[in-house]
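Starting off with a structure, shown below.
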Amino acid sequence: MPSEQAPATQTAIARHTNVLNNILEAVGGTPCVRMNRVPQDHGIKCEVIAKCEFMNPGGSVKDRIGVRMVADAEASGRIKPGDTLIEPSSGNTGIGLSLSAAAKGYKMIVTMPTKMSQEKTIVMEALGTEVIRVPLVAYDHPDSLISVAKRLEAEKGYHLLDQYANPGNPNSHYDGTAEEILAQCDNKIDMIVIGAGTGGTITGIAKKLKERLPNIIVVGVDPVGSILADPSAPAENTPYQVEGIGYDFVPKVCDRQYVDRWVKSRDKESFDLAREIHAKEAMLCGGSSGSAMWGVLEAAKDLEAHQRCVVVFPDNIRNYMTKFPDRNWRIEYGLEEGEITRPTYNQLEKRVKELEAKLAAAAPAAGGEGKTKAFC
Ligand SMILES: Cc1ncc(COP(=O)(O)O)c(C=O)c1O
């Protein structure tokens, strides 16, 4: 490498030493970065290292399973380019699979609850995916994201890769994410904190880390309102706004035996911490990264200065530009005091629906000519 190159240029070149064949080859290999202000400001003594999964090409940890599940299905002869894939997702797996689908020539359909951000739909549509919005209902309700995807699989012959049961989900982390963390941390890790949705990330990483570092403490983070931390407890009907973590059933890929301790998270602390991470660490992560940080503050408070805690930051602020980073949204959801100065996307959508209902009621009963298209 020519010596006249600046150190920053040399680092950038070292990361990608050759031309990649397609963008899927850029998935993974995310940096581990020391946190210098947030843990310290909350009294944490140990070193805290963030695994920055928000730096994947599609913006999340789920790009990894998008690559892996498609590659595994191709290797087994189950799918071939031109086929149609379908997947239920809170959005990031949808984006990850859409990356693979776009780069390799598959048609992609994603079922996603209305709770999840419009930004995720826009990214998936940009990748050529059809997004079907479904209500946020119990996983076994006929209208749930999973039921609708399974129905379309059966009726239309689409291929469901099924992140909830597909071994490629945890395996991508066992083979990839965990190996990267071990190498980047030089095998020195005392605790790791990871949020759980399907549980694929925590299962795959924890399994490998426990094989290599038997004394490591694995901490799972689960929002209040989800049953993953304690499936025996009666289900609570506590809605939460953080996207991607928590479920009302334990997915097959979530192997709880690898989790030593669970921390429950709430919206307020999660979003406040995510914003602190943006402002003090310059890491542009999503809301579930704030939940994971809450897990660090709870679980790592007794670790000593010579110890090290790794935390996984799963996705990017880009997914939420009209949501928690926007003060108006936080006020709308009671997470901050103040006056709304600009209507949020949610409010505009609600207004349009109300106006549509009024017009439909006023229009002649038969044709429904009063119905408008949103934002006409
Ligand atoms: C933003 C975000 N955080 C965390 C997770 C949890 O990952 P996993 O499904 O591997 O448990 C997801 C999963 O979709 C996610 O989208």
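Read-outs: derived from the displayed coordinates by stated rules, not from any lab. Just so it is clear, the model here is predicted, and its values are computed rather than measured. Note: ideal-geometry Cβ built from the backbone for every residue, glycine included; neighbour counts use all protein chains shown.
Go through the range 221-311 and name the GluC sites (Glu not before Pro) that are in a DSSP coil and have 13 or fewer other Cβ atoms within 10 Å of their Cβ.
Passing sites in the range 221-311 are GLU236, GLU304.
Tell me the Rg and the Dmax, in Å, that the Cα atoms of the chain produce.
Answer for the chain, Rg first and Dmax second: 21.5, 78 Å.
Return the whole-Å distance between the Cα centroid of the range 76-136 and the Cα centroid of the range 251-326.
The two parts, judged by their Cα centres, are 25 Å apart.
What list do you get for PHE249, PHE54, PHE324, PHE313 if you sort them by fewest beta carbons within 10 Å?
Ranked by crowding around the Cβ, least crowded first: PHE249, PHE54, PHE324, PHE313.
Among the trypsin sites (Lys or Arg not before Pro) within the range 286-329, which fall in a DSSP loop and have no more than 13 other Cβ atoms within 10 Å of their own Cβ?
Listed in order of number, the matching sites are LYS301.
For the range 16-75 and the range 143-207, compute the distance between their C-alpha centroids and round to whole Å.
One Cα centre to the other: 14 Å.
What nm distance separates the two modelled labels at THR238 and GLU339, each placed 7 Å from Cα along Cα→Cβ?
The answer from the label model is 3.4 nm.
Using a Gaussian network for the chain with springs between C-alpha atoms less than 10 Å apart, which of these wobbles most: ALA299, ALA360, ALA126?
Among ALA299, ALA360, ALA126, the largest GNM mean-square fluctuation belongs to ALA360.
Toward the positive end of the charge dipole of the chain, about the Cα centre and with charges on Cβ (Lys, Arg +1; Asp, Glu -1), which of CYS254, HIS306, ALA357 goes farthest?
Going by the charge dipole, the pick is ALA357.
Expressed in nm to one decimal, what extension gain is obtained for the pair LEU348 and HIS141 from 0.36 nm per residue of sequence separation less their Cα-Cα distance?
Extra length from LEU348 to HIS141 when fully extended: 71.7 nm.
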